[in-house]
Each structure stands twice: as structure tokens, then as C-alpha cells.
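Enquirer: This is the structure, below, for whatever I ask next.
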Amino acid sequence: MRIRIKAEVFCTLLLLMALGTLLYTLFRPTTKQDVQPLHKPKKLKTPPPTTASAKKYYDSKIRVGKAKLLSEIYNAGVDSEEVKATIPTVVTQPPFDFQQYLKGKDHRNFSLLINQPNKCTKPSGDTFLLIVVKSIVEEFDRRESVRKTWGKEGMVNGVRVRRVFLLGIPRNKTTVSLWESLMQQESHYYKDILLWDFLDTFFNLTLKEIHFLNWAEAFCRNVKFIFKGDADVFVNVENLIHFLQNHNASDDLFVGDIINHAKPIRSKKSKYYIPETMYGLGMYPSYAGGGGFLMSGVTMKKLANACKEVELFPIDDVFLGMCLQRINLKPVLHEGFKTFGITKPSAAPNLQTFDPCFYRDLMVVHSLKAAEIWLMWNLLHSQQPPCSQKQRIKKPFRWKKKKPFQFPPHF
């Protein structure tokens, strides 16, 4: 009995010693070398750069407006904290550098990198309508949409229609890799690209205007009429041709969505801001909205000469209005040109503006996506017209006159 109690006491002491050793092992202070994780943790941050990569990064000059993308810096092995300390604060630039514009505004002759000298001569036959579309290198999908819908070349309603696109050098060449080769291939395939070597910016649209007029005078002198517009417009070419066939091609013609009595915008926050030092008058001459307009070949030749005598202006629509004023030609308003889009009447909230019935009797509708242009073209040229004669839009929405209230006879 006594021996059994001693054995139990001895076992208890051994267990207490083992427990004490385990507790000491768990709670004693440890060093970094003692901790060995079971699994390697996932790297949330890029490891510090090597000496070579760090030297390569710090030797590179980072300037305002030319700072590297964060993704590029991470790929170079630079920690985010180093990026914050290295990249200077980007200074907000004004929307337009008027001083630089005034210094270079007399430079108006740029080289033609891609030309279509035979556009209006081959195949044989006079060009009745030349479709001219302002575009940029990146918008291949919009050019393709125009080519396959309203901008098709060939015979339309018995007259010949041709097409060209106006482009400049992309402002950010890295957005489209190998853009020069792509443009050459597109031009070889479609033969409708005109590319000049000025930067394709909003305020250089005036350069597109004068360079196209010079090109048309040199290579398309016999064209009867010209439609010039943007790549995001829908054009009912059949309506344009029907309208033009009632006009003499030897007369002056300039038709569109004409804007009269427009005042220069003096707010610096506006995209169209013009300081008084650049234009001191209180009103612009009448001009056409740039979404699209029509002119005769005779007017084109006169404008080409007049624009050489007018100082360049950063808003191309207004500049062309100045050239029209120079030749004493007043532009004509046509209700079929909707260069500001179709506005749904407030009195008819259930009216669907994206409806073929709206487009059947119009000339030009601005601000459409490429897919919408495809859809509208196919709807209008389907075998079964979607609109009946009663549904067709003949004139803009008008409020109905209310009939005077009459009391009932028994009142």
C-alpha cells in the first residue's frame, strides 16, 4: 500500500515537471531566428529592389507630364513608399496654351504623309458627292462603321459617291502600337485615308479644315458637292442626294445646322474658352455646327482661297464661319441637320427618339455610337420599312393649341 502511494506521488511529480517545462518553452522570450513559420507567407508587397534595378530607376529622370505608370515602377522593383517620395507633384495645366498657340499659329503648311491622289479620278466618272469624315487614328471601329453604312462608296440613286477620312498624328503614340504601319495597311486596303503630320488635337481641327480644302482644290476639283462631318454622326445619304439634285452644282451652297449670334465663351473652365486678346468682338459670325454640313464644289474652291487670308482660330467651326464671311456667303439653315442630337419633347415623355421614324426624313444626326449607327442603317434599309406614311416625321414637335372651354348647354 505504501509502495503504491509513493509511485503515484512520483508520477505526479514527473507530470508537473513536464508541464512546467512545456509552459516555460511556450512563454519564454524568443528571437527572430527561433521562429520558423510552417508556411511561407504570401508576399503582399514587391521585395526591395536589387542594387542594379534601384540604380537604373534613380538614374532615370522623372519629369512632370512624363512620369512612369505605377505598374511600370512596380515591374522595375521599386517600393510604393519610394514612388511617393520620388515622383514630384503634377502641376495642373490650363486647358489650352494660348501663348504657344499664338507663337505657332502662322505655321499652317504640314506635310501630307498619306495621300489619295486618284480618289476623284478613278474609276472614270465625275464625283457627285464626296463624303469627308474627321477621324483619329484610334477610332478604327467608327471608320469601319461609316464604311459599311452611310459612307459606302459607289453608285447611290444614280450618282457616284466617294469617301475620305481626315487624320493627324496621334497625340499619345503609345496608345496604338505600330500605328504608322496600321495606317499604311488601312490606306492600302480602303484607299480613303488622308494623314497629315500635325498632332491630332481639338485645337488643331482648324488645320484639318484648311488642309482638306487645299487637298480638295488640288485633287478633287471637279467634285459637285461635299458633305463634311464627324465619325459619330448618322447620315441619310439618300436624303442628301435628293436634296442636292434639286440644286445647281455651279452655284454657291453651304447648308447645315447654322448657329447665329453666338458669343465667345470667356469662362476659363470651358473647353471653348477664348480670351478677349485673341478675339475682341462680342459675337461670332454665323457658322455651321461641326457635326456635318453640305457645300458645293464651287464654294469649296472659294473657301480654300479665303481661308488662306484668314488668321487661324482654335475653334474650327467658327473659323470656317469667318471664311464664309470673307467671301460674303451666308450659310443656310436646314431643319434636317441635327448636329446637337435629337431632343425628346418634354410634352411627349413616351416618345422614342431612337426610332427609325425620326431618322427617315432627317439629313444628319450627331452623337451616336458605332453600334447605333449600324442598327439605324439596317433598320432604315430593311425590306419592310418600319414607318408608315403617317408615322414619318415631317416637322418638329409642336404644342397643340388648346380649344377654348365651352360650358355644357344645360349648365
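The values are calculated or read from the model by the stated rules, or taken from the named source; none is laboratory data. Keep in mind it's a predicted model, so treat the numbers as computed, not measured. Cβ sites come from the backbone with ideal geometry, for glycine too, and all protein chains shown count toward neighbours.
Enquirer: If I filter the stretch 253-271 for residues that are among the charged types (D, E, K, R) and outside any loop (DSSP other than H, G, I, E, B), do I get at least one hit?
Expert: Yes: the stretch 253-271 contains one or more residues that are among the charged types (D, E, K, R) and outside any loop (DSSP other than H, G, I, E, B).
Enquirer: Also, I was wondering about something else. Could you look through the stretch 249-265, keep only residues that are of a type in the set (A, V, I, L, M) and out of contact with any Leu (no Cβ under 7 Å at 6 or more places or on another chain), and pick out the one that is nearest to ASN222 (Cα to Cα)?
Expert: The selected residue is ALA249.
Enquirer: How many of the residues in the stretch 181-213 are surrounded by 15 or more Cβ atoms within 10 Å (Cβ to Cβ) and in a helix (DSSP H, G or I)?
Expert: Residues in the stretch 181-213 being surrounded by 15 or more Cβ atoms within 10 Å (Cβ to Cβ) and in a helix (DSSP H, G or I): 16 in total.
Enquirer: In the stretch 277-288, is there at least one residue being crowded, with 17+ Cβ neighbours inside 10 Å, outside any loop (DSSP other than H, G, I, E, B), of a type outside the set (Gly, Ala, Ser) and touching a residue at least 60 places away in the same chain (Cβ under 8 Å)?
Expert: Within the stretch 277-288, none of the residues are crowded, with 17+ Cβ neighbours inside 10 Å, outside any loop (DSSP other than H, G, I, E, B), of a type outside the set (Gly, Ala, Ser) and touching a residue at least 60 places away in the same chain (Cβ under 8 Å).
Enquirer: Quickly run through the stretch 224-248 and pick out the residues that are touching a helix residue (DSSP H, G or I) at 6+ places or on another chain (Cβ under 7 Å) and at pLDDT below 95.
Expert: Listed by number, the residues that qualify are ALA231, ASP232, PHE234, ASN236.
Enquirer: Tell me which strands (runs of 3 or more DSSP E) are completely within the stretch 114-170 and hold 1 or more residues being touching a Cys at 6+ places or on another chain (Cβ under 9 Å) and assigned by TED's automatic domain parsing to the domain that holds ILE241, or say none if there are none.
Expert: So the answer is 129-134, 159-169.
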